[in-house]
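Down below is the structure, laid out as structure tokens.
The values are calculated or read from the model by the stated rules, or taken from the named source; none is laboratory data. All of these numbers come straight from a predicted model, not from anything done at the bench. Heads up, the Cβs are rebuilt from the backbone with ideal geometry, glycines too, and the neighbour counts pull from every protein chain shown. Accessible surface areas use protein heavy atoms only, side chains included; no ligands, DNA or RNA. Shrake-Rupley method; radii C 1.70, N 1.55, O 1.52, S 1.80 Å.
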Amino acid sequence: MKKSILKLFLVGAFSTLALTSCSNNDDNGDINTNPSGFVANPADFKGELKSGDKITLDPSKVYYLTGKIQVNDGAELTIPAGTQIVANGGTSSYIAVAQGGKIFSNGTSAKPVVFTSDKKAPGSWGGVVLCGKAPINKAKTATAEVSELTYGGDVANDNSGTITYTRIEYAGAIYNSEKEFNGLSLFGVGNGTKIEYVQMYAGSDDGIEFFGGTVNTKYIVSNENEDDQFDWTEGWVGTNEYWYGKEGRSKGNRGIEADNNSSNHTLTPIANPTIRYVTLIGLGKDYVGEGENQAMKLRVGTKGKFENFVLANWAKGIDIEHDATISWIPNDLFLKNVQFINVGVEATGKSSAGTAVDVSKAYAKVDNNTGAGNGVDTPTWAKGWTVGL
């Protein structure tokens, strides 16, 4: 009798151990689950992950993005440290995360995740698009201009995953003059999403753009993108630290282009980010380009709290436009501790009617600023995992 009881106890113990082991593997993402039948083919990487799909890529393989990857509601895509995804194909080749989907692109300083193109040319592919459920001011919800996915809602802490130590290179494929990808497009993304140590390099449009939402960022590099390095609109209200933006390739527009809503400048939620420790470097105060040689363009009603900025090598440091934007000075729109280096004109203002306005109360100057951490030079935190600096 005692032997039978002991035997039953041992069988039960081993069964419990086996079940616990299987459960732990699933929780850690060690086992791919793909009820939809999705297969991550490195030679032909494309398709849709559907609810219940949890796919982890193999960092020892190169994935050739030949079409779109779409991570739908209830699906997860994990991209481990050191993974390389090579994308071409213009506007047909991009990665999009729909509302309720999640991406985990988590590299390390020594082994970043890299989205790139073997053509090494701006606009070779689309980019990375996240669509969340956080508030926007365009409407309750809207359709993203790239990916055609829904975004927006009322979930401020919505979570689209994590992107850390990741480079996005040569993105920004163009549909037409009014519609093109950015390196990283954040549509209504919530502050449950983590975006830190991310570089957008040599894209044909903006490096990173925020379309409303509440997402926060830290340690962001945006350099050699052919339009603006940083851009926001539609009521974005995130908190951010350590941005390093640098133009290159003899082509580029603004360091920051900031809007609230171009159709109605006072629509709520009003864009009102907090941004500290920033360096923006232009192509020189005599650069003509497309006539947008400005470190910061603040317009159509945006608010903002900015602190510890270094603006170097621009024709104009700060350009503030439209009545609604100017009305926020200095309480809701102010740059504390800004240093101008080789800047032609520090700041200008213009009303909605086009008349000049004094905006000297919108900022306070300081010398020997740290900006993103090292003045105009590459900050320590950006070394080792970035390119082109």
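With contacts taken as Cα pairs under 8 Å and at least 6 residues apart, the stretch 125-280 reaches a relative contact order of 20 percent. Look at the dipole of the chain built from charges on Cβ: of 34, 295, 166, the Cα furthest out on the positive end belongs to 34. Less than 5 angstrom separates the built amide H of residue 239 from those of 216, 217, 274, all sequence-distant by 5 or more or on a different chain. Helix-only arithmetic for the chain: the sum of -39500 (n - 2.57) across DSSP H runs with n ≥ 4, divided by the residue total, places the mean residue ellipticity at 222 nm at -2500 deg cm²/dmol.
Over the chain, what is the relative contact order in percent, taking alpha-carbon pairs closer than 8 angstrom and at least six residues apart?
On the way: 1270 pairs, mean separation 35.5, N = 389.
It rounds to 9 percent for the chain.
A straight chain from residue 139 to residue 73 at 0.36 nm per residue would run longer than the Cα-Cα distance by 21.7 nm.
Rounded to whole numbers, the Karplus 3J(HN,Hα) couplings from phi for the stretch 214-229 are 10, 4, 9, 9, 7, 6, 10, 10, 9, 9, 6, 7, 7, 10, 8, 6 Hz, using 6.51 cos²θ - 1.76 cosθ + 1.60 with θ = phi - 60°, and x at Gly and Pro. Using the Cβ-Cβ distance between residue 377 and residue 174 with R0 set to 30 Å, the FRET efficiency from 1/(1 + (r/R0)^6) comes to roughly 0.35.
If you take every DSSP beta bridge whose two residues both sit in the chain, what share of them, in percent to the nearest 5, is antiparallel?
Values: 7 of 113 bridges.
Among the beta bridges of the chain, antiparallel pairing accounts for roughly 5 percent.
State whether the chain is rounded, prolate or oblate according to the following rule on the C-alpha gyration tensor (a ≥ b ≥ c being the square roots of its eigenvalues): a/c under 1.5 gives rounded; otherwise a/b larger than b/c gives prolate, and the remaining case gives oblate. Walk me through the intermediate numbers first.
On the way: a/c = 2.08, a/b = 1.94, b/c = 1.07.
Prolate.
To the nearest 10, the accessible area of residue 73 is 90 Å² with a 1.4 Å probe.
Highest mobility in the GNM of the chain, judged by mean-square fluctuation with C-alpha springs under 10 Å and restricted to 41, 159, 293, is found for 41.
The residue among 343, 88, 380 whose Cα reaches farthest toward the positive pole of the charge dipole of the chain, with charges on the beta-carbon of Lys, Arg, Asp and Glu, is 380.
Could you tell me which of rounded, prolate or oblate describes the stretch 124-216, using a ≥ b ≥ c as the square roots of the eigenvalues of the alpha-carbon gyration tensor, with rounded for a/c under 1.5 and, failing that, prolate when a/b is larger than b/c and oblate otherwise? Please list the in-between numbers first.
On the way: a/c = 2.58, a/b = 1.25, b/c = 2.06.
Taking the square roots of the gyration eigenvalues as a ≥ b ≥ c, the stretch 124-216 is oblate.
Can you give the FRET efficiency to the nearest 0.05 for residue 389 and residue 51, using r as the Cβ-Cβ distance and R₀ = 51 Å? It comes to 0.80.
Using DSSP to define loop residues, name the trypsin sites (Lys or Arg not before Pro) in the stretch 203-259 whose beta-carbon has at most 15 other beta-carbon atoms within 10 Å. Display every interim value, and only then the final one.
Working: sites: 218, 246, 249, 251, 254; in loops: 249, 254.
Those satisfying the criteria are 249.
Of the beta bridges DSSP finds with both residues in the stretch 233-322, what % are antiparallel, to the nearest 5? Taking every DSSP beta bridge within the stretch 233-322, about 5 percent pair in antiparallel fashion. I need the shape label for the stretch 255-307. Rule: rounded when a/c is under 1.5, else prolate if a/b > b/c, else oblate, with a, b, c from the alpha carbon gyration tensor. In terms of gyration-tensor shape, oblate.
Let me know the charge dipole size of the stretch 179-336 about its Cα centre in debye, to the nearest 20, where only the beta-carbon of Lys, Arg (+1) and Asp, Glu (-1) is charged.
Details: 15 positive and 23 negative charges, 100 e Å.
With Lys and Arg at +1 and Asp and Glu at -1, about 480 debye.
Converting phi to 3J(HN,Hα) with the Karplus coefficients 6.51, -1.76 and 1.60 and the offset θ = phi - 60°, the stretch 165-177 yields 6, 10, 10, 10, 10, 6, 8, x, 4, 10, 7, 7, 5 Hz in sequence order, with x at every glycine or proline.
Most simply put, the stretch 77-135 has about 0% antiparallel DSSP beta bridges, counting only bridges with both residues inside it. Taking 0.36 nm per residue of sequence separation and removing the Cα-Cα distance, the residue 44/residue 345 pair yields an extension gain of 103.3 nm.
Model label points for residue 352 and residue 263, set 7 angstrom from Cα along the Cα-to-Cβ axis, are 1.6 nm apart. Ligands, DNA and RNA excluded, the heavy atoms of residue 33 present near 50 Å² of accessible surface to a 1.4 Å solvent probe. Ligands, DNA and RNA left out, the 1.4 Å accessible surface of the stretch 84-168 is 49% carbon and sulfur atoms.
What the Cβ-Cβ distance of residue 249 and residue 36 gives, at R0 = 30 Å and to the nearest 0.05, is a FRET efficiency of 0.15. Which of the trypsin sites (Lys or Arg not before Pro) across the stretch 127-177 are loop residues per DSSP, with 16 or fewer other Cβ within 10 Å? Loop-located and lightly packed - 140.
About its Cα centre, the dipole of the chain is roughly 1220 debye, where the only charges are +1 on Lys and Arg Cβ and -1 on Asp and Glu Cβ.
On full extension, the segment bounded by residue 286 and residue 150 gains 44.8 nm, given 0.36 nm per residue less the C-alpha separation. Pairs from the list 68/246; 61/111; 303/361; 218/305 with a Cα-Cα gap above 24 Å: 68/246.
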